[in-house]
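J.: Below is a structure I'd like to ask you about.
The numbers here are math on the coordinates, done by the rules we state, and not lab data. Quantities reported herein were computed from a predicted structural model and do not represent experimental measurements. Here the Cβ positions follow ideal geometry from the backbone for every residue, glycine too, while neighbour counts run over all protein chains shown.
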Amino acid sequence: MKGLFASPAKTGTRLSPDERRLALIDATLRCIIKEGHAGLSVRKVCQEAGVSAGLLTHHFSGKEELLTEAYRYLTKDIYTRINQSLAHASDPSALNKLRLFIDVSFRRPVLDKDYLMIWLVFWGLSKQKPAIAVLRNEVNNKVIMTLENLMAETVKELAIEGINIRLAATGLSALMDGLWLEWSLNPSNFSPDEAAKICQCWVDALVNNCLKRLA
């Protein structure tokens, strides 16, 4: 992820407002990686970024806005990467794109210990911070909508029936979330490739069972 592991800016470095905002967001993410929820303090973020607390409040209204924008930046970056992979798929079929969505989701930077540490912190914060909760729901709905579209196109291409696309997309999204969470807690249980295979088998079962009912 661009900027996520960047070195903190040197004190006194002149940056544009947008560059400074991004530097503070990067510093926030690095603090979370280093100390988890304990790293979410204005003092620690400013120390990591090499700036004064006054400079932070010049770019953000406070800690709440900084956290929300850090989460927004994180999700925008990762789903931009996924969508770029889908746009450049060698096989443009809907089923292949659905499989590609799964595979990309279980490769770095999506499946990365540091990255998942940040996700876990923000998931926890969504229970405490309304702005984070709203954004998390937006992100989750975006993922499910993407899966719904890919599944709808797959159903049309293969001319199959009997799939509740909304529930299928919700189920696959939940399966992927569960595997991300389990891998982040104990990566020795299975490899990223195995996690992707579990989801691919789920897709195979869904499609093949529907096709069998039509035979």
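J.: Net charge around MET145, counting only other residues with Cβ within less than 12 Å of its Cβ (Lys, Arg = +1; Asp, Glu = -1)? If you can, show how the numbers build up before the last one.
T.: Working: positive: LYS142, ARG166; negative: GLU138, GLU148.
That works out to 0.
J.: What aspartates and glutamates could a cross-link reach from LYS44, if we take a straight Cα to Cα line under 14 Å and drop same-chain neighbours fewer than 8 places away?
T.: Within the straight-line limit of under 14 Å, LYS44 reaches these aspartates and glutamates: ASP26, GLU35.
J.: Between LYS142 and THR80, with labels modelled 7 Å along Cα→Cβ, what's the label distance in nm to one decimal, could you check?
T.: Label-label distance for LYS142 and THR80, simple model: 1.1 nm.
J.: Roughly how far apart, in whole Å, are the Cα centres of the stretch 130-152 and the stretch 81-100?
T.: Cα centroid to Cα centroid, the span is 18 Å.
J.: Taking the Cβ-Cβ separation of GLU64 and ASP18 as r and a Förster radius of 22 Å, what is the calculated FRET efficiency to the nearest 0.05? The partial results should precede the final answer.
T.: Working: r = 20 Å, r/R0 = 0.92.
It comes to 0.60.
J.: Per residue of the chain, what 222 nm ellipticity follows from adding -39500 (n - 2.57) for every DSSP H run with n ≥ 4, rounded to the nearest 500?
T.: Using -39500 (n - 2.57) per qualifying helix, the result is -24500 deg cm²/dmol.
J.: Here's a follow-up. Please sort by residue number the trypsin sites (Lys or Arg not before Pro) in the stretch 90-179 whose DSSP state is loop and whose Cβ has at most 13 other Cβ atoms within 10 Å. The partial results should precede the final answer.
T.: Values: sites: LYS97, ARG99, ARG107, LYS113, LYS127, ARG136, LYS142, LYS156, ARG166; in loops: ARG107, LYS127.
When the trypsin sites (Lys or Arg not before Pro) of the stretch 90-179 are filtered for loop state and at most 13 Cβ neighbours within 10 Å, LYS127 remain.
J.: Just grab the label-to-label distance for SER188 and VAL42, each label 7 Å out from Cα along the Cβ direction, in nm (one decimal).
T.: It works out to 4.3 nm between the two label points.
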